[in-house]
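Here the structure is laid out as structure tokens; the discussion comes afterwards.
Throughout, read-outs are computed from the coordinates displayed, never taken from laboratory work. A quick note: this is a predicted structure, and the numbers were derived from the prediction, not measured. Here the Cβ positions follow ideal geometry from the backbone for every residue, glycine too, while neighbour counts run over all protein chains shown.
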Amino acid sequence: MANDTDIRPTADEAAAYARDGYFIRKGLLSPDEVEDFRGHARAQLEAEAAAGGIMSKGDKQGNATLLKMWTTAGDDKYGLLARDERMVGLAESTIGAPIYLYSHKMTMKQPREGGAWEWHQDFGYWYNYGCLAPQMNSIYVSLDRATRENGCLQVLKGTHALGRLDHIREDGQTNVSQEHLDAALERFEHVYVEMEPGDALVFHGNLLHRSDANRSDQHRWGYICSYNAVENAPFKRVRDYGNYEELKTVAAGSFKDAA
Ligand SMILES: O=C(O)CCC(=O)C(=O)O
């Protein structure tokens with residue numbers, strides 16, 4: 001079992017989440033856990049790609065980011081990390097209501113190849129999938145060192161307080177409308193969220209975020225689990241993922257025992 005401090009935000013983290021829309025939990029995964037999870041994910045990539053399980057999302061410059069997404073959380077390493085009590089505890093405390101797993105995915109920026117994600121709020125599109133309220137958030141677990149050079153996440157600090165902004169569909173991505181973005185860029189601090197492997201960014205569904213292309217020789221992989229309040233489950237079925245399913249939390253680090 002994890003300690004109480006592992007599964008609850010500290011007072012400072014909770015205050016940052018309320019004020020800024022995010023906080024970084026340093027070392028959510030230990031170095032051994034990162035090694036285990038990342039090693040497994042990297043080793044699987046080729047087989048998953050051959051089986052057609054990897055999506056490739058292009059950015060405006062034509063760079064492709066690899067993406068793998070699951071519709072349910074099983075007993076493999078991915079499903080077990082999404083249900084790990086540390087992840088669930090941090091997500092549930094910050095959402096402030098009983099939660100379930102909305103989605104989990106791996107975004108993989110390959111060296112010199114991985115593309116950009118444009119500014120958006122996740123709730124910008126979750127709303128279109130039948131979620132009424134922004135009682136939703138995500139935890140981005142950094143599997144590699146994430147830096148400005150390899151395309152770390154960027155956030156506009158405090159923009160979760162704006163509520164949901166209009167979004168448009170562009171090049172396969174759902175991006176915030178340009179004029180609201182321009183105004184937000186003038187008024188909110190732009191932060192490059194650099195992280196070490198194992199660090200986790202807990203961020204609100206309405207926080208504006210993006211990332212640049214990977215201009216380095218290093219990988220930039222991140223595992224993103226998104227959570228929703230049970231009472232906010234979609235009122236209609238639009239996607240195969242995100243629909244209510246009971247969240248069966250598992251002990252910290254259970255994924256290390258999975259094949
Ligand atoms: O992996 C990234 O850099 C960004 C991913 C993202 O913004 C998303 O999946 O909504």
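Summary of computed values
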{"read-out": "Shape of the range 171-235, Cα gyration tensor, a/c cut at 1.5", "value": "oblate"}
{"read-out": "Cα radius of gyration and Dmax for the chain (Å)", "value": "17.0, 49"}
{"read-out": "Nearest-20 debye value, the chain charge dipole, Cβ charges on Lys, Arg, Asp, Glu", "value": "400"}
{"read-out": "Cβ-based net charge around Gly74, under 12 Å, with every Lys or Arg adding one and every Asp or Glu removing one", "value": "0"}
{"read-out": "Ordering of 235-247, 54-66 by burial proxy (mean other Cβ atoms within 10 Å per residue, highest first)", "value": "54-66, 235-247"}
{"read-out": "Cross-link pairs beyond the 26 Å C-alpha cut-off, checked among Lys57/Lys77; Lys77/Lys248; Lys26/Lys77; Lys77/Lys236; Lys26/Lys109", "value": "Lys77/Lys236"}
{"read-out": "Burial order of peptide ranges 124-130, 84-90 (average beta-carbon count within 10 Å, highest first)", "value": "84-90, 124-130"}
{"read-out": "Cβ-placed point charges (K, R +1; D, E -1), dipole of the range 1-135 about Cα centre in debye, nearest 20", "value": "440"}
{"read-out": "Neighbourhood charge, 14 Å Cβ-Cβ cut-off, centred on Asn128 and excluding it, Lys, Arg +1 and Asp, Glu -1", "value": "+3"}
{"read-out": "Cα-based Kirkwood hydrodynamic radius, the range 15-79, one decimal, Å", "value": "14.8"}
